[in-house]
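Shown next, in structure tokens, is the structure this report addresses.
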Amino acid sequence: MSTVSTDPSPSTPAPGAEDPAPTPSGGGPRLVLIGPMGAGKTTIGREVARRLGVPFADLDELIIEAAGRSIPEIFAAQGESAFRDLEARVLALALEAHTGVLALGGGAVVAEGSRALVAARPAVLLEIDEETARSRVGRGRGRPMLGGEDPLGRWRTLTDARMPLYREAARWSIDATHGGIDQIARRIIETLEGAEPPAPKEHA
């Protein structure tokens, strides 16, 4: 996995200046964003999609649409295991059907099967530090995995446990702590455009 630092330069490209990132062979998303809760996957993903002129999808929103209820409601009624099962099924479908930018929830790559599917796509890990997480996750409202008296402590525990899995699934890692949304989105696009096409898979 390659690590890319965020360019701190303040320059902003003209609208429409970015060329579309190459479409992965076999279809599927042009970009999958993964990372811990609060990393900005949805916000940054929307900006990348806007710049590339492609659709954006948030896996959590797709899950809500499929379930007909909010994620906290799914956790409360059915528990985390049922949520993860649904998440894995919706993710597998999205990785085949969605052709733009896809942002995943923080736990979406914990399951080995899901992680393998994501690793086969152009996946970028967005990394943030603890201070940034503190300002973004707040009291954990709307995030069942951060419930309890110490949401930040829970975030730290989950992120430490999941980071090796994120790194296993991601092709690139980008610092999302420093720089604005425009800068981070531009760096992601530059990374995609400079990427070498994946080597063809060998068939037995």
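What follows is calculated from the coordinates using simple rules that are stated; it is not laboratory data. Keep in mind that what you see is a predicted model, and the values were worked out from it rather than measured. We place every Cβ from the backbone using ideal geometry, glycine too, and count neighbours over all the protein chains shown.
Count, please, the residues in the range 178-188 that happen to be part of a loop (DSSP other than H, G, I, E, B) and surrounded by fewer than 17 Cβ atoms within 10 Å (Cβ to Cβ).
Number of matching residues: 2.
Which one of these is polar (S, T, N, Q) and under 19 Å from Ala169 (Cβ atoms): Thr99, Thr42? Even if it seems obvious, please write down each step before you answer.
Values: Thr99 fails: under 19 Å from Ala169 (Cβ atoms).
Selected residue: Thr42, the only one of Thr99, Thr42 that is polar (S, T, N, Q) and under 19 Å from Ala169 (Cβ atoms).
Are any of the residues in the range 51-73 touching an Asp or Glu at 6+ places or on another chain (Cβ under 8 Å), in contact (Cβ under 8 Å) with a residue 40 or more places away in the chain and closer than 18 Å to Trp172 by Cβ?
yes
Restricting the first residue to the range 121-135 and requiring it to be among the acidic types (Asp, Glu), which pairs with a second residue that is part of a helix (DSSP H, G or I) meet a Cβ separation below 7 Å and a spacing of at least six or different chains?
What qualifies is Glu130/Arg156.
Among the residues of the range 56-88, which ones are of a type in the set (S, T, N, Q) and surrounded by 13 or more Cβ atoms within 10 Å (Cβ to Cβ)?
Listed by number, the residues that qualify are Ser70, Gln78.
Residues that are touching a strand residue (DSSP E or B) at 6+ places or on another chain (Cβ under 6 Å): which helices (runs of 4 or more DSSP H) entirely in the range 40-102 hold 2 or more of them?
Those helices (runs of 4 or more DSSP H) span 41-52.
Any chance you could count how many residues in the range 53-99 are under 21 Å from Arg121 (Cα atoms) and in contact with a helix residue (DSSP H, G or I) (Cβ under 7 Å, 6 or more places away or on another chain)? Please lay out each step first, then the result.
The first filter runs over the range 53-99 and keeps only residues under 21 Å from Arg121 (Cα atoms), leaving 53-63, 84-99.
Add one more test, that the residue is in contact with a helix residue (DSSP H, G or I) (Cβ under 7 Å, 6 or more places away or on another chain), and what stays is 55-60, 62-63, 86-88, 90-92, 94-95.
Final tally of qualifying residues: 16.
Would you check which residues across the range 153-173 are buried (at least 18 other Cβ atoms within 10 Å of the Cβ) and either of a type outside the set (A, V, I, L, M, F, W, C) or in a loop (DSSP other than H, G, I, E, B) (or both) and list them?
Within the range 153-173, Arg154, Thr159, Arg162, Tyr166, Ala170, Arg171, Ser173 qualify.
From the residues in the range 89-104 that are in contact with a Leu (Cβ under 9 Å, 6 or more places away or on another chain) and free of Cβ contacts under 8 Å to residues at least 60 places away in the same chain, which one is surrounded by the most Cβ atoms within 10 Å (Cβ to Cβ)?
By that ranking, first place goes to Leu91.
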